[in-house]
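Encoded as structure tokens, the structure appears first; notes follow it.
Derivation of every value follows stated rules applied to the coordinates shown; laboratory data play no part. All values derive from a computational prediction rather than experimental measurement. Neighbour counts are summed over all protein chains in view; Cβ atoms, including those assigned to glycine, are modelled from backbone coordinates with ideal geometry.
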Amino acid sequence: MLKRLPSLKLKLLLILIPAAVVALTLTLGLMLYNAEQQFNLKLEQKQQTLGSYADLLADPLWNFNTKRVEGIVETIMLDPDVIRIVIRDESGNAVADKFASEQAMSQVISSDYAYPINYSNAHIKQRVGELEIVLGYQSLEDEKAQFILSGLFAILLVIIALAASVWLIFSRLMDAPLQALIEAIDRSRDSGAFIRVSESTNDELGVISKAFNEMQGSLEKQHNKTLQSKDRLQLLYHSTPSLLFSFNREGVIQDTSDYFLQQLRFQRAEVVGCKLSRLLDVEHQQQLLDPALAALWESKTLAELPLHLINGRGQRVEVLMDATLSAEDSFPGALAVMTDVTSLNQARRKLEHQANTDHLSGIANRYHFQSYLDQLTYDRRQSQKPFALLFIDLDNFKIINDTYGHQVGDQLLCQVTKRIQSTLRAEDLIARLGGDEFAVIIKELDPSFSAEHVAERIITHLEAPFPLEESNAFISASIGIAVYPKDCQSPTQLLQYADLAMYRAKDEGRSRFSAYSSEHSRLIQRRLKIEALLRRAIDDELLEVHYQPIVSLAQGKTVGIEALLRLRDDQGELISPADFIPVAEETGRIIEIGEWCLRQSCLQLANWHRRFDPELYLSVNVSTRQFQAHSFNNTLEGAIHDAQIRPQHLMIEITESLLLHDNQNNLDRFEQLKSLGCQIAIDDFGTGYSALSYLMKFPLSVLKIDRSFISPDTEENFEQGIVEAIIQMSQSMNLKVIAEGVETQQQLEMLRQLSSDIAIQGYLISKPLPVDEMSQFFESSRQADTRVSSGQ
């Protein structure tokens, strides 16, 4: 600060000095001129004075008064400037010749003057001589010089006084405000504060001070705004939920945001100055990073470079890096942001897993299976290398699901999945297509691991009982097989063909597999036709009930009838129950048409009670699914009430497999039937897995011996022993016995020998008849009953 002020004063003095020099020069010139004028004036006066001595010398010289002449000469010589005096007469002779002192003689500057001496009186006027004077200018020059020096001194004093005044005035009037401004500037620069100055004066400096203060205020506001903006930018930089950082051309990290450090669990010293490549997970990432950074310096931008980092805790972090070159010359590097996509990728992978995985069983779902099948078919187009597709559908799963509930059904599906998986290799794919449908792709076929071999293994592995919450369950599977490219080359058709083959396996008796053949297309078309008929069977009156009589050997007459459901197509042709009943069960239509059959047959029984025998009973088949339906009891009670029959005249036939599902729901349903008064019969007894404990556990009334034990195709001793054992067991348990499928007199005699306290049913008595024909049968039944009773 103090170095600047003298410099400004010096500049002012440098401005004043030339002006003073000019003024001094002008003044000096004027003084010299005046001195010269004064010199000339005094010289002229001196000349006039000396000239007057010529007049004084006229009389003495005329009168030859030498003393007086000498006296006048001495007087003249008193003038220090007179160097020599010579007085001459009229003839030119020196009358007097006087030299001054040596000091006077030493004057360099001198002039010779000659004055004529003229004498005059009243009578004459005559020149009597001449006065010659050598006059020096020393005194005049000295006086002149003294005058000049005095003037110069006076001017110098004036200049000094003026400079001092200017200095003092500047120091007082300008130096203090300027010094205050300079100090304010220095303090503002050094401290960063915006110092104001006093505005005490109302002159230009006051205006400058005011302008300075206003400028300081404006700068302070702008500075505060800049600081606020900087703070906001810093806050934004450090708190933005993105991994912000910068690096130079060598890939060395120059700076990072706080969020970067916080999220990646680093200390600033750990990453600043560190190469970005050191944070990467694996070496191949370096091979990805280096070309990307090289391209960045050429293209100036980098977009969504996927990187895998290792954070401060050693955890893997997946990021996408975007970068752009800095536009600031002061920072020749790149500004970058990395977005942590770890959670996003995990969520994406989870979504992909969920989209491709069955949430219940953990295996592939239909979407994954279809994508895999499409890709595999595409990959095998060139090589035509075969692979097999197995379509698996669980038999009677819906019964178990309805019996035990969906939670138990889900547990069963998981156990089935594990068993199927145990039969496969790691490279084979298993998928759950939905519900109880599975699919398997066998990628590599060979004689030791053929599709048929795998299907057999799956069926075998499913034979063992499945432990559930309340009991063990038995379930089997029907499997269809289609082979690429033998059967077809389209993935969609391949799945359809395997599905067709699976339905063929179900039609053939379930718990088996079937390989696709062209015949399956015809069968599936028939199945689809049956499904369509079942959907409108009730509304279009396509259903009807046929009845088959049940005859007591002891009474020799018809004591009951079994209601058998029939379905006609649009041309009026009957469709075999073996064809439409399984379809009805699988589609769920069995509940609807079963309820219709129950109501219709109860109404018909009431009619025959009035017309023929009031003790006649009706036997109605109820499927497991219908039996376990929540609406079954209401439907049964409604049918009995509407027909006005006694419950004792109604026999509910159930399959033997239902006894295996000994859950509380089934026990409650059996107890409800018992309390209602209905009879309960086990149909096709001997073909299932029921044990004696199951027969004793449920309130059964009748055992119906399956026709396979009565068939003439079986060995006589074997069938007779089984039938005899069933009859003896039933009698010991107070159960009635009905033998189904009696078609010959020989069979009838065999049964009569075993026991006369049973009933029979079969074509020997009558085939199932429509209502009208059954009524005619009742008209002539007395003769038939008598024939049966007598054994004729």
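Points worth noting:
- Local electrostatic count, ALA388, Cβ distance below 10 Å [Lys/Arg +1, Asp/Glu -1]: -2
- Within the shell of other residues whose beta carbon sits under 14 angstrom from the beta carbon of SER732, the net charge comes to -1, with Lys and Arg scored +1 and Asp and Glu -1.
- Spin-label proximity, GLU444 to region 385-426 - amide N less than 11 Å from point 7 Å beyond Cα toward beta carbon: 425-426
- D (Stokes-Einstein, µm²/s), Kirkwood Cα radius, region 357-517, 0.692 mPa s at 37 °C: 208 µm²/s
- Binned Cα-Cα distances of region 533-790, short to long, each 10 Å bin given as a whole percent: 7, 30, 37, 23, 3, 0
- Fewest-first sequence of HIS359, HIS649, HIS609 by Cβ atoms within 10 Å of each Cβ: HIS359, HIS609, HIS649
- Sorted by Cβ density within 10 Å, fewest first, the residues THR558, THR417, THR339, THR460: THR460, THR339, THR417, THR558
- Ranked list, fewest to most other Cβ atoms within 10 Å of each Cβ, for LEU162, LEU748: LEU162, LEU748
- Model label points for LYS275 and GLN315, set 7 angstrom from Cα along the Cα-to-Cβ axis, are 2.8 nm apart.
- Database remark: amide H of ALA473 closer than 5 angstrom to the amide H of PHE466, LEU468 (H placed geometrically; neighbours at sequence offset of 5 or more, or on other chains; Pro and chain starts carry no H).
- All Cα pairs of the chain, percent lying beyond 48 Å: 62 percent
- In a simple Cβ point-charge model (Lys, Arg +1; Asp, Glu -1; nothing else charged), region 28-155 has a dipole of about 220 debye relative to its Cα centre.
- Dipole of region 240-344 [Lys/Arg +1, Asp/Glu -1 at C-beta], most positive-end residue of GLN262, ASN248, VAL319: GLN262
- Compared with the dominant principal axis of the Cα atoms in the chain, helix 664-676 is inclined by about 40°.
- Loop-located trypsin sites (Lys or Arg not before Pro) in region 498-544 (DSSP state not H, G, I, E or B) with no more than 13 neighbouring Cβ atoms inside 10 Å: ARG536.
- Compared with the direct C-alpha span, the chain from ILE722 to GLU250 gains 160.7 nm at full extension, assuming 0.36 nm per residue.
- Mean residue ellipticity, 222 nm, helices only, the chain: the sum of -39500 (n - 2.57) across DSSP H runs of n ≥ 4, divided by residue count and rounded to 500, is -17000 deg cm²/dmol.
- Length added when fully stretched, ILE15-LEU574, from 0.36 nm per residue minus Cα-Cα: 187.8 nm
- Listed residue pairs exceeding 31 Å between alpha carbons, taken from LYS225/LYS275; LYS210/LYS230; LYS486/LYS506; LYS350/LYS486; LYS385/LYS506: LYS225/LYS275; LYS350/LYS486
- In the chain, a dipole from Cβ-located charges (positive for Lys and Arg, negative for Asp and Glu) runs towards its positive end, and of THR587, PRO647, LEU279 it is LEU279 whose Cα lies farthest in that direction.
- Assuming charge only on the beta carbon of Lys and Arg (+1) and of Asp and Glu (-1), the dipole of region 290-415 about its Cα centre is about 400 debye to the nearest 20.
- Dipole moment magnitude, nearest 20 debye, the chain about Cα centre, only Lys, Arg, Asp, Glu C-beta charged: 1320 debye
- Span from the region 448-489 Cα centroid across to the region 49-66 one, whole angstrom: 178 Å
- FRET E, pair GLN644, GLU541, Förster distance 22 Å, beta-carbon r, rounded to 0.05: 0.35
- In summary, the aspartates and glutamates within cross-link reach of LYS443, defined as a Cα separation below 15 angstrom excluding same-chain residues under 8 places away, comprise ASP374, ASP379, GLU427, ASP428, GLU452.
- Local electrostatic count, VAL416, Cβ distance below 13 Å [Lys/Arg +1, Asp/Glu -1]: -4
- Using a Förster distance of 35 Å, the FRET efficiency for GLU352-GLN286 (Cβ separation, nearest 0.05): 0.80
- The GLN555 and ASN634 beta-carbon pair, evaluated with R₀ = 41 Å, returns a calculated FRET efficiency of approximately 0.75.
- Taking 0.36 nm per residue of separation and subtracting the current Cα-Cα distance, fully stretching the chain between LEU219 and ALA23 would add 66.0 nm.
- Projecting label points 7 angstrom from Cα along Cα→Cβ for SER476 and TYR378 puts them 4.0 nm apart.
- Angle between the chain longest axis and helix 781-790 axis [Cα atoms, degrees, rounded to 10]: 70 degrees
- Here is the size of region 28-155 from its Cα atoms: Rg then Dmax, 17.3, 60 Å.
- Among the GluC sites (Glu not before Pro) within region 526-587, those in coil by DSSP and having at most 10 neighbouring Cβ atoms inside 10 Å are GLU541, GLU573.
- Share antiparallel - DSSP beta bridges, the chain, percent rounded to 5: 75 percent
- Sparse-neighbourhood loop sites, GluC sites (Glu not before Pro) in region 223-332 - DSSP loop, at most 14 other Cβ within 10 angstrom: GLU250, GLU328
- Candidate cross-link partners of LYS697 among the lysines, defined by an alpha-carbon separation under 27 Å and a same-chain spacing of 8 or more, comprise LYS398, LYS674, LYS736.
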